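Participant: I am attaching a structure below and will ask some questions about it afterwards.
The values are calculated or read from the model by the stated rules, or taken from the named source; none is laboratory data. Predicted model, so just to flag it, every value in this text is computed and none were measured. Cβ atoms come from the backbone with ideal geometry, glycine included; neighbour counts cover every protein chain shown.
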């Protein structure tokens, strides 16, 4: 029998977290249970979503309606886990690259919200679950990493943020990555008590999840796997992350 993995230590002085994702619903599939634990603990959490998800969906919704629909779904999902600050950057779904413009716009949100922790997608490919490593996800992961270090903390990076918008540099202390390759995962959060909120958040994305008749089973299956790997008590559920401390 293999020895359970042990979670690395994480900061306990965090009071603000910024979540950066490519699409509406990304955070809810990967981390809604964790977000709910944060907000229940009084940690202020905000979302920065780089596209409006206009290239997604599984029904006959006209394309021009999909972006506004998915934004509304994400706002409803965010409320289920205690988040009210939700901002969309308006990039084209399916066409994201880790451009200087995207780095600047994520840096703007970091300087605006001034989080101690940023949660973002991994820029690496998770070969075992390739759909989790959508090119948009990896582009946002790379851009968010650059925004966290060095852009947001450097007054000479994207100087217009300070000169034109008055946004002072801000140093993030800790980066959490979602959908990282298995060998990178080094921390889990027990979401047993918030899994209902995660399920409610995912159901709020009706355009994406209505066809998933096994949604609850999916959530519990994946959550059970990570809980078992990290030695949580039988029956517990977890979400998994790679933790990157930042000096």
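Participant: May I ask you to verify whether residue 94 is in contact with a helix residue (DSSP H, G or I) (Cβ under 7 Å, 6 or more places away or on another chain), over 26 Å from residue 187 (Cα atoms) and free of Cβ contacts under 8 Å to residues at least 60 places away in the same chain?
Facilitator: So residue 94 passes the test.
Participant: Could I ask something else about it? Provide a single number: the residues in segment 97-112 that are touching a residue at least 60 places away in the same chain (Cβ under 8 Å) and more than 20 Å from residue 159 (Cβ to Cβ).
Facilitator: Qualifying residue count, segment 97-112: 0.
Participant: When residue 96 is evaluated against the numbered criteria (1) farther than 17 Å from residue 207 by Cα; (2) surrounded by 21 or more Cβ atoms within 10 Å (Cβ to Cβ); (3) within 15 Å of the chain's Cα centre (by Cα), which criterion, by number, is the only one it fails?
Facilitator: Result: residue 96 fails condition (3) only.
Participant: Name the residues in segment 99-108 that are out of contact with any helix residue (DSSP H, G or I) (no Cβ under 8 Å at 6 or more places or on another chain) and buried (at least 18 other Cβ atoms within 10 Å of the Cβ), would you?
Facilitator: Scanning segment 99-108 gives a single hit, 105.
Participant: Next up: Of the residues 53, 90, only one is surrounded by fewer than 16 Cβ atoms within 10 Å (Cβ to Cβ) and either more than 27 Å from residue 193 (Cα to Cα) or more than 14 Å from the chain's Cα centre (by Cα) (or both); which?
Facilitator: Selected residue: 90, the only one of 53, 90 that is surrounded by fewer than 16 Cβ atoms within 10 Å (Cβ to Cβ) and either more than 27 Å from residue 193 (Cα to Cα) or more than 14 Å from the chain's Cα centre (by Cα) (or both).
Participant: Related question: Please tell me if residue 61 is free of Cβ contacts under 8 Å to residues at least 12 places away in the same chain and either farther than 20 Å from residue 172 by Cα or surrounded by fewer than 19 Cβ atoms within 10 Å (Cβ to Cβ) (or both).
Facilitator: no
Participant: Condition first: under 19 Å from residue 188 (Cβ atoms) and touching a helix residue (DSSP H, G or I) at 6+ places or on another chain (Cβ under 9 Å). Now tell me which residues in segment 41-77 satisfy that.
Facilitator: 43, 45
Participant: For segment 1-51, how many residues are modelled with pLDDT under 95 and more than 20 Å from residue 238 (Cβ to Cβ)?
Facilitator: 0
Participant: Next up: Which residues, counting only those in segment 223-244, are surrounded by fewer than 21 Cβ atoms within 10 Å (Cβ to Cβ) and over 17 Å from the mean Cα position of the chain (by Cα)?
Facilitator: Step one: list which residues in segment 223-244 are surrounded by fewer than 21 Cβ atoms within 10 Å (Cβ to Cβ), which gives 224-225, 228-236, 242-244.
Within segment 223-244, 224, 225, 228, 229, 230, 231, 232, 233, 234, 235, 236 meet the criteria.
Participant: Determine, yes or no, whether residue 85 is surrounded by fewer than 19 Cβ atoms within 10 Å (Cβ to Cβ), over 27 Å from residue 130 (Cα atoms) and touching a residue at least 12 places away in the same chain (Cβ under 8 Å).
Facilitator: Judged against the criteria, residue 85 is a match.
Participant: Go through segment 164-186 and count every residue that is surrounded by fewer than 20 Cβ atoms within 10 Å (Cβ to Cβ), touching a strand residue (DSSP E or B) at 6+ places or on another chain (Cβ under 7 Å) and at positive phi.
Facilitator: So the count comes out to 0.
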